[in-house]
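*Asks:* Structure incoming, see below.
The values are calculated or read from the model by the stated rules, or taken from the named source; none is laboratory data. This structure is a prediction, so every number in the text was calculated from the model and none was measured. Cβ sites come from the backbone with ideal geometry, for glycine too, and all protein chains shown count toward neighbours.
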Amino acid sequence: MIESLLVANRGEIARRIIRTAKRLGIRAIAVHSEADADLPFVTEADEAVCVGPANPAQSYRNVEAILAAAKSTGAQAIHPGYGFLSENAEFARTVEASGLVWVGPGADAITAMGDKINARNLMAEAGVPVAPGTTDPAADVEAAVAAATGIGYPVMVKAAAGGGGMGMGVATDEAALRTEYDKVRSFAERMFGDGSVLIERYFPRVRHVEVQILGLADGRVVALGERECSVQRRNQKLVEESPSPAVSPELRERILAAAVRAGEAVGYRNAGTVECLLDPATQEFFFLEMNTRLQVEHPVTEYVYGVDLVEEQLRVASGLAPTFDPDALVPRGHAFELRINAEDPKRFLPGPGVIRTWNEPTGEGVRVDSGYVVGNTVTPFYDSLMAKLIVSGSDRAEAIERARAAVAAFEIAGPKCNLPFHAELLENEEFLSGDYDTGIVGRMR
């Protein structure tokens with residue numbers, strides 16, 4: 001096992017990685033911006049280095065500063081968490097070229113999956129179902145119109161280099177497509193430095209289901225079940241659960257096998273997620289994208305499968321076997337993750353501020369992965385995620401009851417907070433039935 005680990009991230013995920021590292025006897029090193037100096041992940045690390053000002057480009061995305069911190073502290077490995085540099089293939093290559101261990105998939109796999117069009121084509125070759133769409137970027141709006149005519153409206157207009165639900169628009173006719181194409185292309189050039197656009201069939205009623213995969217040190221790829229991620233606002237997730245109430249045993253077998261093929265197609269190592277769209281009417285599923293990193297919602301899989309995915313990541317990176325038997329993975333119970341964000345519960349607009357009250361719920365089947373404590377300031381420089389409330393039960397009904405109690409007991413004052421949204425969702429008949437789709441939040445507003 002590696003002996004020292006630098007966590008190139010912040011907030012709750014940095015704190016969560018540090019917790020596992022310290023449990024395993026690994027020296028945990030934090031890097032932080034000037035704005036984050038007082039956050040728990042900094043004080044809980046064995047050592048911490050300031051890598052720059054609040055602007056992420058000058059701190060958490062500052063490759064030179066992070067590598068300098070690794071060198072000065074004698075770090076043996078780097079874990080990127082999620083976001084920031086986690087899916088930056090060049091950073092992964094640089095880390096390894098510097099003689100450090102990269103806790104994540106190989107740079108080639110990150111590159112292969114980083115472009116949505118290339119990823120779609122690779123998956124199709126591997127026998128993974130993909131939605132009807134373009135196999136090359138739509139070079140201009142006329143090419144996009146021609147592609148959409150062949151696919152049939154409505155279509156999704158997507159930034160090929162995008163991720164995390166950003167850089168997407170829906171067009172129901174040619175006029176809308178012309179508008180969305182220009183918007184998405186402009187956004188993609190500005191945000192990702194790549195204006196390539198993909199045109200893909202849009203499903204008005206669809207579920208978002210993903211599979212947790214783990215590429216083991218011996219070369220095998222295993223699937224640790226699926227997660228339902230259909231509770232979204234602006235194509236970004238708010239609530240996840242496992243197992244998915246939409247997935248039958250027969251469908252589960254098919255979708256997990258497809259996810260394993262996807263990982264094998266790129267020689268995948270370490271933790272990753274194969275995201276799919278599921279048509280509930282036909283039970284057809286289509287590859288959406290592969291996230292070459294640890295997901296925000298990984299704790300629901302940890303509960304259901306009884307594993308620590310960060311520990312498994314560290315073991316793979318160290319060349320060690322997993323703690324579990326890959327041939328005897330058995331899910332147990334049900335789990336939810338509710339993202340607690342510093343945002344208005346109705347319009348979902350960010351609302352940073354000083355935390356005056358912070359009382360986390362406790363009890364059986366309740367876990368809180370938080371990035372803040374009372375007295376900390378949620379700044380406007382980063383994502384609005386303050387904490388993740390994870391609850392589990394013997395079945396979905398028990399997990400929902402525990403989630404209701406935990407949401408009611410969670411006290412936060414100071415920043416805006418979306419706890420009222422979660423309370424509303426947990427009483428929503430559509431959600432309670434399990435028969436919901438990605439449009440549920442819009443129908444609640």
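*Asks:* Taking GLU398 as the residue in question, decide whether it is over 28 Å from LEU349 (Cβ atoms), over 22 Å from the mean Cα position of the chain (by Cα) and modelled with pLDDT of 95 or more.
*Replies:* In short, yes.
*Asks:* Which of the following residues is at pLDDT 95 or above, under 22 Å from PHE336 (Cβ atoms), assigned to a helix (DSSP H, G or I) and in contact with a helix residue (DSSP H, G or I) (Cβ under 8 Å, 6 or more places away or on another chain): VAL304, VAL310, VAL300?
*Replies:* VAL310
*Asks:* Out of (1) at pLDDT 95 or above; (2) basic (Lys, Arg); (3) not assigned by TED's automatic domain parsing to the domain that holds GLY365, the odd one out for ARG190 is which?
*Replies:* Going through (1) at pLDDT 95 or above; (2) basic (Lys, Arg); (3) not assigned by TED's automatic domain parsing to the domain that holds GLY365 one by one, ARG190 breaks only (1).
Conditions tested, residue by residue: (1) in a loop (DSSP other than H, G, I, E, B); (2) within 24 Å of ASP437 (Cβ to Cβ).
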site: PHE203; (1), (2): yes, yes
site: LEU214; (1), (2): no, no
site: VAL239; (1), (2): no, yes
site: SER244; (1), (2): yes, yes
site: ARG261; (1), (2): no, no
site: GLU264; (1), (2): no, no
site: PHE287; (1), (2): no, yes
site: GLN295; (1), (2): yes, yes
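*Asks:* When you scan region 95-102, do you find a residue that is of a type outside the set (A, V, I, L, M), crowded, with 20+ Cβ neighbours inside 10 Å and within 25 Å of THR20 (Cα to Cα), even just one?
*Replies:* Yes.
*Asks:* Same structure, new question: Has region 348-360 got any residue that is within 23 Å of VAL304 (Cα to Cα) and surrounded by 14 or more Cβ atoms within 10 Å (Cβ to Cβ)?
*Replies:* yes
*Asks:* Okay, next question. Answer yes or no: is there a residue in region 138-154 that is hydroxyl-bearing (Ser, Thr, Tyr) and in contact with a helix residue (DSSP H, G or I) (Cβ under 9 Å, 6 or more places away or on another chain).
*Replies:* Yes, that holds for at least one residue.
*Asks:* Also: Quick one: count up the residues across region 215-231 that are aliphatic (A, V, I, L, M), farther than 12 Å from GLN295 by Cβ and either touching a strand residue (DSSP E or B) at 6+ places or on another chain (Cβ under 6 Å) or not assigned by TED's automatic domain parsing to the domain that holds SER248 (or both).
*Replies:* 4
*Asks:* Write out, first by first residue and then by second, each pair whose Cβ atoms fall under 7 Å of each other, whose residues are 6+ apart or on separate chains, and whose first residue, in region 411-430, is within 12 Å of LYS346 (Cα to Cα) while the second is part of a loop (DSSP other than H, G, I, E, B) and among the aliphatic types (A, V, I, L, M).
*Replies:* LYS416/ALA342; CYS417/ALA342
*Asks:* So, one more: For the subset of region 1-15 comprising residues that are touching a Ser or Thr at 6+ places or on another chain (Cβ under 9 Å) and not hydrophobic (A, V, I, L, M, F, W, C), which member is surrounded by the fewest Cβ atoms within 10 Å (Cβ to Cβ)?
*Replies:* SER4
*Asks:* Out of everything in region 159-199 that is part of a helix (DSSP H, G or I) and hydroxyl-bearing (Ser, Thr, Tyr), what residue ends up being farthest from ALA131 (Cα to Cα)?
*Replies:* SER186
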